[in-house]
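Down below is the structure, laid out as structure tokens.
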Amino acid sequence: EPEVTQTPSHQVTQMGQEVILRCVPISNHLYFYWYRQILGQKVEFLVSFYNNEISEKSEIFDDQFSVERPDGSNFTLKIRSTKLEDSAMYFCASTLGTSGRGEQFFGPGTRLTVL
Amino acid sequence: LAKTTQPISMDSYEGQEVNITCSHNNIATNDYITWYQQFPSQGPRFIIQGYKTKVTNEVASLFIPADRKSSTLSLPRVSLSDTAVYYCLVGDYNQGGKLIFGQGTELSVKP
């Protein structure tokens with residue numbers, strides 16, 4: 001069964017450093033997402049991406065964040081200068097439909113720890 | 001996007017049927033109702049989606065009354081492995097499909 005993959009599974013970084021979280025969505029999917037979940041809290045939407053551009057973003061997704069689809073398979077989330085409060089699980093998701101409706105498939109997540 | 005309210009936690013025993021109800025009084029005409037399951041340290045997993053009446057798949061049923069102001073996820077004969085957090089989400093997925101998660105219902109299945 002196809003699945004979304006994410007690397008690394010755990011990233012530890014120093015405050016102020018740049019990090020890039022990587023995702024490989026399911027190959028024929030068209031809509032991609034990033035969510036984050038701070039420990040013990042709910043899952044929060046960050047950004048959606050379709051047709052090589054951001055479709056929608058939340059208030060959390062400020063100038064420190066960026067997304068990119070550098071090739072036909074990878075989808076990345078970059079945090080330019082990490083803060084302590086960026087420590088969280090980051091989930092990538094993808095969906096087949098062009099409207100974004102329907103089942104979203106989530107990856108296993110990357111645990112980001114900012115020291 | 002409609003706000004949802006669901007119980008914070010529920011307890012059950014193996015083999016029982018579990019019903020988790022979600023209220024969404026402000027649901028709009030274009031909104032769909034979707035349920036996701038999340039195990040600790042894993043990404044959410046889609047369970048079921050519906051618009052009205054009843055939807056059934058191999059793992060669950062979703063009951064939606066005519067006014068659509070609430071919905072009930074039904075898990076038949078739960079097992080220990082069904083212990084997880086269950087999220088009810090309501091949204092117009094024609095608008096890009098972002099999912100707005102609430103706090104979810106933490107289901108604990110005991111032997």
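For A:Glu85, indicate whether it is of a type in the set (Asp, Glu) and modelled with pLDDT of 95 or more.
Considered against the rule, which asks whether it is of a type in the set (Asp, Glu) and modelled with pLDDT of 95 or more, A:Glu85 comes out as yes.
Report whether or not B:Val59 is open to solvent by 10 Å² or more (accessible area, probe 1.4 Å) and assigned to a strand (DSSP E or B).
Considered against the rule, which asks whether it is open to solvent by 10 Å² or more (accessible area, probe 1.4 Å) and assigned to a strand (DSSP E or B), B:Val59 comes out as no.
Of everything in the range B:28-52, what is open to solvent by less than 30 Å² (accessible area, probe 1.4 Å) and either in a strand (DSSP E or B) or in contact (Cβ under 8 Å) with a residue 12 or more places away in the chain (or both)? Give them in sequence order.
Once the filter is applied, which keeps residues that are open to solvent by less than 30 Å² (accessible area, probe 1.4 Å) and either in a strand (DSSP E or B) or in contact (Cβ under 8 Å) with a residue 12 or more places away in the chain (or both), the range B:28-52 yields B:Asp31, B:Ile33, B:Thr34, B:Trp35, B:Tyr36, B:Gln37, B:Gln38, B:Pro44, B:Ile47, B:Ile48, B:Gly50.
Find the strands (runs of 3 or more DSSP E) located wholly in the range A:15-74 whose residues include 1 or more that are within 12 Å of another protein chain (Cβ to nearest Cβ), and list them.
In the range A:15-74, A:19-24, A:31-37, A:44-50, A:53-57 are the strands (runs of 3 or more DSSP E) which contain 1 or more residues that are within 12 Å of another protein chain (Cβ to nearest Cβ).
Looking at the range A:75-106 only, could you name the residues that are β-branched (Val, Ile, Thr) and within 7 Å of another protein chain (Cβ to nearest Cβ)?
Across the range A:75-106, the qualifying residue is only A:Thr95.
Please indicate, with yes or no, whether at least one residue in the range B:70-93 is touching a Ser or Thr at 6+ places or on another chain (Cβ under 6 Å), in a strand (DSSP E or B), within 14 Å of chain A (Cβ to nearest Cβ) and open to solvent by 40 Å² or more (accessible area, probe 1.4 Å).
no
Quick check on A:Phe49: is it open to solvent by less than 60 Å² (accessible area, probe 1.4 Å) and at pLDDT below 95?
It is true that A:Phe49 is open to solvent by less than 60 Å² (accessible area, probe 1.4 Å) and at pLDDT below 95.
The values are calculated or read from the model by the stated rules, or taken from the named source; none is laboratory data. Values in this document were obtained by computation on a predicted structure and should not be read as measured data. Don't worry about glycine lacking a Cβ; one is built from the backbone with ideal geometry, like all the others, and counts go over all protein chains shown. For the accessible areas, the whole protein counts, side chains as well, though only heavy atoms, and no ligand, DNA or RNA atoms are used. Shrake-Rupley method; radii C 1.70, N 1.55, O 1.52, S 1.80 Å.
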